[in-house]
Amino acid sequence: MLKIDNLVCGYGRMQVLENVSLEIGAESVGLFGPNGAGKSTLISATMGMIKPWKGSIEFNGESLLGKETYQMARLGIALVPQERELFPGMSVEDNLMLGAAYIPHAQAKSEQQIEKVFTLFPILKERRKQYAGTMSGGQQRMVAIARALMSDPKLLILDEPSLGLQPSIVAEVFDVLKELKKTVSILVTEQNVRESLKAIDRGCVLENGKIVLEDSADGLKTNPYVLKSYLGL
Amino acid sequence: MKRATSYILPVALVALGVLFPLFFGPYPQTVARTIFKYMALALTWDMLFRSGQVSFGIAGFFGLGTYAAALLALKAGFSYPLAILAGALISGIFAYILGFLVLRLRGTYFSITTLALAEIFRVILRNWTSFSGGPEGIVLPQIIFNGDSRCLYWIGLAVLLVVVVVSQYFEKSKLHFSLISIRDNEVSAQTSGVNIFRTLLVVFTVTSFLQGLIGAVDVVSVGYAMPDSAFDSNYTLLPLAMALLGGQHSTWGPIIGSVLLGVASEYLKLKIPYGHLLVYGVIIILVILFMPEGLIGLFRKKKGAKRG
């Protein structure tokens with residue numbers, strides 16, 4: 001589905017990613033690593049928000065290089081950005097409907113889609129008339145995920161979905177992802193390795209712009225390096 | 001039921017607007033025409049502002065429509081209706097080209113570019129005497145409808161209604177979503193599939209077309225155009241003040257703001273000539289300090305509080 005090959009990328013003259021290759025099929029993949037490792041850069045490059053220096057990015061055999069962000073969205077890649085991801089001045093319902101409004105293949109079935117999303121996040125149905133900006137951090141994150149789902153994506157990318165949330169909400173978010181991975185491919189960047197392991201099939205560890213480790217979720221759980229550096233055991 | 005009642009007020013206002021000249025003489029009609037002109041300009045400014053982009057180019061596009069229509073009527077022998085349409089189109093096309101060049105830069109860069117527009121046009125038209133008549137401007141052989149004040153009033157009202165309808169379309173259609181999304185969060189707008197550049201280009205072109213239309217109708221209604229009056233900075237500042245006073249991001253806000261400021265300025269012009277500008281300045285400062293969302297914002301707050 002998504003195929004990133006030998007990607008080199010950075011900002012200005014500072015190189016961040018060094019020959020990163022990553023392939024995602026019909027599965028859920030976690031991307032781990034400390035702050036500054038290049039996780040968000042990798043996502044920005046995939047979404048066309050920054051220009052890769054070298055390498056290729058393909059989605060279902062189609063090159064994404066030179067495409068604009070809104071085109072990625074229309075191809076079926078939905079991003080839940082790291083923060084400030086909502087339209088605070090719109091109601092929850094409008095936020096969700098906007099997620100489908102500009103995606104041709106999703107717009108026709110937005111009514112069914114919103115019902116699906118409401119079953120996944122019942123709280124959003126209750127609050128659908130409320131301004132999104134007035135909700136709690138956890139609820140806002142749910143609106144952001146729900147809005148991404150409204151576009152009926154083939155690949156859902158989440159950039160640190162647990163950032164700034166209380167533990168019980170974090171657990172809830174990953175429970176939802178565990179449910180979602182049955183129907184959509186997922187790429188999730190995280191620092192909270194422990195929680196995210198339950199929602200992924202496979203994980204990569206990115207450090208200083210290079211992928212240093214790649215293994216199944218079970219393999220990561222027992223990997224001594226992961227245990228020591230990321231799970232603190 | 002709620003739907004039906006929500007139509008009563010607009011329909012009543014339009015009826016009142018249309019019938020107004022049957023009961024009032026030329027002077028009130030002229031005052032109303034001026035208010036309509038500014039109201040229409042305030043609305044066009046707000047329509048683009050709903051996307052978060054601040055344009056200072058109102059006077060530029062208004063004046064461009066004015067001069068294009070006047071010159072085409074005078075030199076190319078266009079009939080007035082054709083000249084009006086051409087004036088509006090030229091403004092729109094110019095905005096499209098300019099937008100294509102600068103709308104990739106948004107926010108301040110865009111604002112500054114539009115700020116320079118009116119001044120550039122004004123300097124060119126002042127100095128290109130053989131083409132534009134220089135500082136004295138151009139005088140048209142006759143005023144449209146032979147200067148019949150009622151007809152002039154109605155054509156001004158017609159232009160305003162066109163602008164109101166487009167503004168309502170912006171507010172009720174899908175475009176509303178993309179405009180707010182661009183204003184709120186560009187990254188999320190893009191990742192939701194909104195083509196920001198194209199959306200802004202369309203809105204900038206449409207609103208500039210309308211500003212050109214207002215200018216073109218204005219020039220055939222007064223019969224002359226001068227660089228200093230066509231590109232008067234008041235055409236940028238007053239609509240902005242009216243939209244801010246009434247309440248931004250809506251159709252009603254600029255309408256209410258322009259009626260209040262329009263009537264007030266007419267009264268103040270009689271009492272203290274040129275002092276009305278002072279009052280405008282004070283109003284803008286007070287509005288920004290105490291009700292940043294304008295009168296409509298106060299109303300919304302009250303309504304929200306009642307609902308609990």
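The values are calculated or read from the model by the stated rules, or taken from the named source; none is laboratory data. Here the structure is a predicted model, which means the values were calculated and not measured. All Cβ positions, even for glycine, are placed from backbone atoms using ideal geometry, and neighbour counts span all protein chains on display. Just so you know, the surface numbers come from the protein's heavy atoms only, side chains and all, with ligands and any DNA or RNA stripped out. Shrake-Rupley method; radii C 1.70, N 1.55, O 1.52, S 1.80 Å.
Provide the FRET efficiency to the nearest 0.05 for the A:ASN6-A:ASN60 pair, computing r from the beta carbons and using R0 = 22 Å.
Numbers: r = 19 Å, r/R0 = 0.87.
The value I calculate is 0.70.
Sort largest first and round to whole Å: the equivalent ellipsoid semi-axes of segment A:96-163, each the square root of five times a Cα gyration tensor eigenvalue. Before the final figure, lay out each step's value.
Values: eigenvalues 73, 45, 20 Å².
Values for segment A:96-163, descending: 19, 15, 10 Å.
Looking at the square roots a ≥ b ≥ c of the eigenvalues of the Cα gyration tensor of the protein assembly as shown, which shape do they give, rounded for a/c under 1.5, prolate if a/b is larger than b/c, or oblate? Don't skip to the end; give the middle numbers.
On the way: a/c = 2.85, a/b = 2.07, b/c = 1.38.
Verdict is prolate for the protein assembly as shown.
Please compute the net charge surrounding B:ALA83, taking Lys and Arg as +1 and Asp and Glu as -1 over other residues with Cβ under 13 Å from its Cβ. Mind showing how you got there, number by number?
Working: positive: B:LYS75; negative: B:ASP218.
My count for the surroundings of B:ALA83 gives 0.
Can you tell me the dipole magnitude for chain B around its Cα centre, using point charges on the Cβ only (Lys, Arg +1; Asp, Glu -1), in Debye to the nearest 20? All intermediate terms of the calculation are to be shown ahead of the outcome.
Details: 23 positive and 12 negative charges, 222 e Å.
Computed charge dipole of chain B: roughly 1060 debye.
Over the whole of B:178-189, what's the average partner chain Cβ count within 10 Å per residue? Rounded to a whole number, please. Walk me through the numbers before you get to the answer.
On the way: counts 3, 0, 7, 9, 1, 2, 10, 7, 1, 10, 13, 6.
That works out to 6 on average.
Using the Cα gyration tensor of chain B, with a ≥ b ≥ c the square roots of its eigenvalues, what is the shape: rounded (a/c below 1.5), prolate (a/b larger than b/c) or oblate (neither)? Don't jump to the answer; show the numbers that get you there.
Values: a/c = 1.57, a/b = 1.19, b/c = 1.32.
It is oblate, given that a/c is not under 1.5 and a/b is not larger than b/c.
Report the accessible surface area buried between chains A and B, summing both sides, using a 1.4 Å probe on protein heavy atoms only, in Å² rounded to the nearest 100.
Numbers: alone 11080 and 15780 Å², together 25080 Å².
Using a 1.4 Å probe, the pair buries roughly 1800 Å².
Going toward the positive end of the dipole of the protein assembly as shown, with +1 on Lys and Arg Cβ and -1 on Asp and Glu Cβ, which of B:LEU71, B:SER208, B:LEU16 do you reach last?
B:LEU16
For B:LEU13 and A:LEU163, what does the FRET efficiency come to when R0 = 56 Å and r is the distance between their Cβ atoms, rounded to the nearest 0.05?
Values: r = 50 Å, r/R0 = 0.89.
For B:LEU13 and A:LEU163, the calculated efficiency is 0.65.
Need one word for chain A: rounded, prolate or oblate. Basis is the Cα gyration tensor (sqrt eigenvalues a ≥ b ≥ c); a/c below 1.5 gives rounded, then a/b vs b/c decides. Write down the numbers at each step before the final one.
Numbers: a/c = 1.78, a/b = 1.29, b/c = 1.38.
Taking the square roots of the gyration eigenvalues as a ≥ b ≥ c, chain A is oblate.
Using only Cα atoms and rounding to the nearest 10 degrees, what angle (0 to 90) does helix A:137-150 make with the longest principal axis of chain A?
90
Between the helical axis of A:167-180 and the dominant principal axis of chain A, each derived from Cα atoms, what acute angle in degrees is found, rounded to the nearest 10?
Rounded to the nearest ten degrees, it is 90.
Around B:ALA59, what is the net charge, scoring Lys/Arg as +1 and Asp/Glu as -1 over all other residues with Cβ under 15 Å from its Cβ?
Value of the local net charge: -1.
How large, in percent, is the carbon and sulfur part of the accessible surface of chain A at a probe radius of 1.4 Å? Write out the running numbers ahead of the final one.
Working: 4960 of 10240 Å².
The C+S portion of the solvent-accessible surface of chain A is 48 percent.
Give the carbon-plus-sulfur fraction of the accessible surface of chain B in %, rounded to a whole number; probe 1.4 Å, heavy atoms of protein chains only. Display every interim value, and only then the final one.
Details: 10590 of 14840 Å².
Within chain B, the accessible surface is 71 percent carbon and sulfur.
With a 10 Å radius around each residue's Cβ, average the other Cβ atoms per peptide and rank B:285-298, B:147-160, highest first.
In descending order of packing, they fall as B:147-160, B:285-298.
Could you work out the mean count of beta carbons from other protein chains within 10 Å of each residue's beta carbon in B:168-177? Don't skip to the answer; put the middle values down first.
Numbers: counts 0, 0, 0, 0, 0, 0, 5, 0, 3, 8.
Averaged over the peptide's residues, the number is 2.
Under 14 Å from the Cβ of A:CYS9, count the other residues' Cβ atoms, weight Lys and Arg +1, Asp and Glu -1, and hand me the total. Kindly include the intermediate steps, with their values, before the conclusion.
Values: positive: A:ARG13, A:LYS39, A:LYS51, A:LYS54, A:LYS210; negative: A:ASP5, A:GLU18.
Local charge sum for A:CYS9: +3.
Given a 10 angstrom Cα cut-off, can you work out which residue in A:MET14, A:MET135, A:MET97 is the most mobile in a GNM of chain A?
The residue that fluctuates most here is A:MET14.
Taking the Cα centre of each part, how many Å lie between segment A:56-106 and segment B:43-103?
34
Other chains' Cβ within 10 Å of B:192-201 residues: what's the mean?
Working: counts 18, 18, 7, 7, 3, 2, 1, 2, 0, 0.
For this peptide, the per-residue mean of nearby foreign Cβ atoms is 6.
Taking only protein heavy atoms and a 1.4 Å probe, what accessible area per residue, in Å², does chain A have with all protein chains in place? List each step's numbers first, then the result.
Numbers: 10240 Å² over 233 residues.
Ligands and nucleic acids excluded, the result is 44 Å² per residue.
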